[in-house]
1. Is there a residue being at pLDDT 95 or above and out of contact with any Gly (no Cβ under 8 Å at 6 or more places or on another chain) anywhere in the stretch 50-60?
2. Filter the stretch 215-229 for residues that are surrounded by 12 or more Cβ atoms within 10 Å (Cβ to Cβ) and either at pLDDT 75 or above or outside any helix (DSSP H, G or I) (or both) and give the result.
3. State all residues of the stretch 98-128 that are modelled with pLDDT of 90 or more and within 19 Å of ARG71 (Cβ to Cβ); if no residue qualifies, say none.
4. Restricting to the stretch 3-26, what's the tally of residues that are of a type in the set (Val, Ile, Thr) and modelled with pLDDT of 95 or more?
5. Suppose the filter is modelled with pLDDT under 70 and loosely packed, with under 10 Cβ neighbours inside 10 Å; does LYS204 pass it?
6. Just name the residue that is surrounded by the most Cβ atoms within 10 Å (Cβ to Cβ) out of those in the stretch 1-44 that are hydrophobic (A, V, I, L, M, F, W, C) and farther than 29 Å from SER86 by Cβ.
7. Test ASP8 against the criterion of being in the same structural domain as ALA122 (by TED's automatic domain parsing), more than 18 Å from LYS121 (Cα to Cα) and in a loop (DSSP other than H, G, I, E, B), and give yes or no.
8. Just one of LEU37, LEU111 is farther than 24 Å from ASP156 by Cα, in a helix (DSSP H, G or I) and in contact with an Asp or Glu (Cβ under 7 Å, 6 or more places away or on another chain); which is it?
Amino acid sequence: MTILVVDDIAGNRKLLRATLDAEGHGTLEAADGIEALQVLAREPVDAIISDILMPNMDGYRLCHEVRRNDRLKRLPFIIYTATYTSPADKKLAETVGADQYVMKPAPVQALLVALAEATTKARTRGPASPSLPDETTVLRQYSQTLVNKLEEKNTDLQQALEVAERAHDRIQELNLDLERRVQVRTTELETANRALNQALADVKQLAKFLPICAYCKKIRDGKNYWEQVESYISKHTDSRFSHGICPECYQTHVVPMMAELE
C-alpha cells in the first residue's frame, strides 16, 4: 500500500514513515491538509494517516474535504493524534468521516490493526458516497471542538500561571532571606573588622610606645588603668611567659636568701 502521512512535525513523519516502510508499505508525506490535497491531486494513494493539529488546514478539515471529493471519498482515513483525545474530539472525527481514531504514541501493532480495519471498512462502503452530515452540523461540531480546545489551553495556561506565581513568590522569599543573611553576615564581619583594627592598634601601641611607671614598672592601658607588665602583654598579644631568674637578680636576691638558710 502507498500511505500518505500528514503531520506538521517532520520528526513524527519520519518515525511513522520508518515504521510503515519496515512493514513493506510505501509512504508519501505532507506537512498539513493543504499540502496533503496537493499530493492527492497528483499521486495515487491507498490510505491516509493524519494528525489533527496542523497549520493552514487541520486533520478534521482534510478528512472532510477527502470525503467530499468523488475521486478520494473511499480512501481509508486514520486520525492519529496526541492533542485531540476527548470523546467529543473522537465524535467529530466520526462526523467528518474518519475510519479509525488512534492516539499517539501507539504501538506499531495497534497502528497496523487500525490500518487494516480502516481498509476493510473502506471496501465495505461500496461505490456509493459515504453518508455525510450537512455542512452546518459539521461546522457546529467543529466550532465546539475548537472552543473546548481553547478552554483546555486556557485552563492549562492558568495553571501554569499559578505555578509561575508561586515560584515567583518563593523566589522573593528566598531573596529576602538571602538579603537578611547577607546583612547579618556583613554586620558580623564589620564587628570582627573593628575588633581586628583595635587589636592591630593595640599591637602597634605595644610595639612602639608603652606608658610605664618609673617606680613600680606597671603599664597604663587605654582606659587609664595600671597593671603589671605581664598582665598587659597577655591581654594584648598571644605571647606566653616562661619564668626564670636573670643573673643580676640571682646575685641580688637568691644568693642572700640561701646564705640566710645556712
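1. No; the residues of the stretch 50-60 include none that is at pLDDT 95 or above and out of contact with any Gly (no Cβ under 8 Å at 6 or more places or on another chain).
2. Within the stretch 215-229, LYS218, ILE219, ARG220, ASP221, TRP226, GLU227, GLN228 meet the criteria.
3. ALA98, ASP99, ALA118, THR119
4. At the first step, the residues of the stretch 3-26 found to be of a type in the set (Val, Ile, Thr) are 3, 5-6, 9, 19.
Among the residues that remain, those that are also modelled with pLDDT of 95 or more are: 3, 5-6.
Adding up the residues that qualify gives 3.
5. Numbers: modelled with pLDDT under 70: yes; loosely packed, with under 10 Cβ neighbours inside 10 Å: no.
No; evaluated as a whole, the condition is false for this residue.
6. LEU28
7. yes
8. Criteria check complete, one pass: LEU37.
The values are calculated or read from the model by the stated rules, or taken from the named source; none is laboratory data. From a predicted model like this one, the values you see are computed outputs, not experimental measurements. Glycine also receives a Cβ, built like all others from the backbone with ideal geometry; neighbour counts cover every protein chain displayed.
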